[in-house]
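Visitor: Sharing a structure with you now.
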Amino acid sequence: MTNQAFRFMHASDFRLHEPCLGLIDPPSELLETLINAPFQAAQRVVDTALTERVEFIILSGEIVHPYLGGARSIAFLLEQFERLESEGVRVYWAGGTVDPPDQWPASVTLPDNVTFFGRGGVTTITHQRDDKPLAVIAGQSCLADGRIVPSEFAANGPGPFRIAVACGVAETEVLSAHDVNYWALGGRYNRETPLSKQRVAHYPGSPQGRSIDHVGAHGCTMVRVDTQGAIRTQQSVTDVLRWRTEEITLDSDADRKGVQRRLHERAQMLAAENSDRPMLIHWRIEASGKMGAALRHSGLDKELIDWLNQSFGRSTPAVWTVGMQTRVTENLPAAWYEEDTILGDFLRSVRRMQADNEPLDLEEFLEDRSQADALADEAVLNDATQREQVLRDVAILGADLLRPEA
């Protein structure tokens, strides 16, 4: 184990070839930010590394698809590597599914400070400071099936602080059983630390979220190792714009003016709390009665989205609404389940499914069989909470469509 304290930067999932998704007709000033956000966030990673004078940077995969990203992405990445090289900062890079080393253009030479781990086996490098071993870095680019084989990264005996660099998935229990101090993992958009006791396994997430599935702050991770080998991780926020989900519960007697007032107050608060970056908001509204029906079926939700974006989407910084989802909070009347109608038959069928605790398999309803394999995991609902919510939504949708006044 090292008797020298040091710090390094752990980053992954730059995904320079991937744009931000889910916006319809954003204003021109926000559009430019959306296009440049992945690059600006990645540059902030390097800026932070240089400011903090880190010992080295670990890149654990999904950095850029060399062909989908095009010349701009390659030139940008080389420029960042050269900035690090000029300050004597080494880069240890394990490729992922989009950036395996065998896809890197042969005509593009990486700077000497970059080690790009191959796929053929784990490569071990001893990083030194003042000609003394500081850390052992064991890296391998992603295998074709995305597996990580922890035993291949482990040490054979005592030695310096050990870092494994990989992109993919492995069971936490298996990672913890092998002699690696820090598992520098990649391949996930969102930050996650599946192991954090004596040994650490960590996904830093992407420096920039791309969709409403990537809510909250995004960045890279500063890793500090003390003289006893104890590890402390800290997120360095780098995102240029931020996705967020906001929830509002309406009273049963809410009217349009009341809904607008609630949305306006919340949007104002978001703008004040996040004055340094644009916010991209998806609203989840719980409503009942006439307002719930109006939000789901009359087009009121689209009118409110347009109104919000006119009011807040062109301010600086922008608070742009990307979507609005309404959930009904009230239960359907029990009498509807007993009706001798198509609706009654439908609701009784749903009720029988709700009483059944088996996974909900929707694969048979996929008309395009060519898509069945790709969607198989999504079409089977094993989680009880998700299953319950889906069936509840199905019952409400059926009632909306099959009631005589619908």
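Laboratory data are not the source of any read-out in this text; all were calculated from the coordinates shown. Only a predicted model underlies this, so the values are computations on that prediction, with no experimental measurement involved. FYI the Cβ positions are ideal-geometry reconstructions off the backbone, even for glycines, and counts take in every protein chain you see.
Visitor: So for 322, 215, fewest C-beta neighbours within 10 Å to most, what's the order?
Guide: 215, 322
Visitor: For the chain, find the longest principal axis of its Cα atoms and tell me its angle to the long axis of helix 300-312, 0 to 90°, nearest 10.
Guide: 50 degrees
Visitor: Next up: Can you list the residues, at least 5 places off or on another chain, whose amide H is less than 5 Å from the amide H of residue 284, using H built in the peptide plane?
Guide: 246, 247, 248, 325
Visitor: OK, next. Kindly provide the helix-only [θ] at 222 nm of the chain, computed as the sum of -39,500 (n - 2.57) over DSSP H runs of four or more divided by all residues, to the nearest 500 deg cm²/dmol?
Guide: Rounded to the nearest 500, the figure is -10000 deg cm²/dmol.
Visitor: Which whole-number percent is the relative contact order of region 244-323 (Cα, under 8 Å, 6+ apart)?
Guide: This gives 41 percent for region 244-323.
Visitor: Now for a separate question. If you wrap a convex hull around the Cα atoms of region 6-237, how much volume per residue is inside, in Å³?
Guide: Each residue corresponds to 128 Å³ of Cα convex hull volume.
Visitor: If you don't mind, another one. Explain nothing, just the number: relative contact order of region 6-237, from Cα pairs under 8 Å at least 6 residues apart, as a whole percent.
Guide: After rounding, I find 23 percent.
Visitor: OK, next. Out of 78, 280, 185, any idea which swings most in a Gaussian network model of the chain, alpha carbons joined below 10 Å?
Guide: 78
Visitor: Could you state the angle between the C-alpha long axis of helix 70-86 and the longest principal axis of the C-alpha atoms of the chain, as a value from 0 to 90 degrees rounded to the nearest 10?
Guide: Between the helix axis and the principal axis of the chain, the angle is about 40 degrees.
Visitor: I would also like to ask the following. Sorted by packing (mean other beta-carbon atoms within 10 Å per residue), highest first, where do 246-254, 35-43 land?
Guide: Output ranking for 246-254, 35-43: 35-43, 246-254.
Visitor: From the phi of every residue in region 173-189, what ³J(HN,Hα) in whole Hz does the Karplus formula 6.51 cos²θ - 1.76 cosθ + 1.60 yield, where θ is phi - 60° and glycine or proline is x?
Guide: 4, 5, 4, 5, 7, 10, 7, 10, 6, 9, 8, 8, 9, x, x, 10, 6
Visitor: Leaving out same-chain residues fewer than 8 places away, which aspartates and glutamates sit with a Cα under 18 Å from that of residue 302?
Guide: Correct list for residue 302: 25, 246, 247, 255, 286.
Visitor: Turning to a different aspect of this structure: Please give the helix 342-355 orientation as an angle from the longest Cα principal axis of the chain, in degrees from 0 to 90, rounded to the nearest 10.
Guide: 40 degrees
Visitor: Is the C-alpha gyration tensor of region 192-276 telling us rounded, prolate or oblate? Criteria: a/c under 1.5 is rounded; beyond that, a/b larger than b/c is prolate, otherwise oblate.
Guide: Prolate, because a/c is 1.5 or more and a/b exceeds b/c.
Visitor: Of the candidates 297, 65, 214, which one comes out as most mobile in a Gaussian network treatment of the chain with C-alpha springs shorter than 10 Å?
Guide: Result: 297 has the largest fluctuation of those listed.
Visitor: For region 244-323, compute the orientation-averaged projected area of the C-alpha convex hull (one quarter of its surface), in nm².
Guide: Its average projected convex-hull area is 4.6 nm².
Visitor: If you don't mind, another one. Where does the Debye-calculated log10 I(q)/I(0) of the chain sit at q = 0.06 Å⁻¹, using only Cα point scatterers of equal weight, no solvent?
Guide: Debye output, listed in q order: -0.33.
Visitor: Quick one: 3J(HN,Hα) in Hz for region 147-152, Karplus 6.51/-1.76/1.60 with θ = phi - 60°, rounded, Gly and Pro as x.
Guide: For region 147-152, the Karplus-derived couplings read 7, 10, 9, x, 4, 6 Hz, x marking Gly and Pro.
Visitor: Can you give the relative contact order of the chain as a percent, counting alpha carbon pairs under 8 Å and 6+ residues apart?
Guide: 14 percent
Visitor: With Rg and the Kirkwood Rh both taken from Cα atoms, where does Rg over Rh land for region 83-216?
Guide: 0.97
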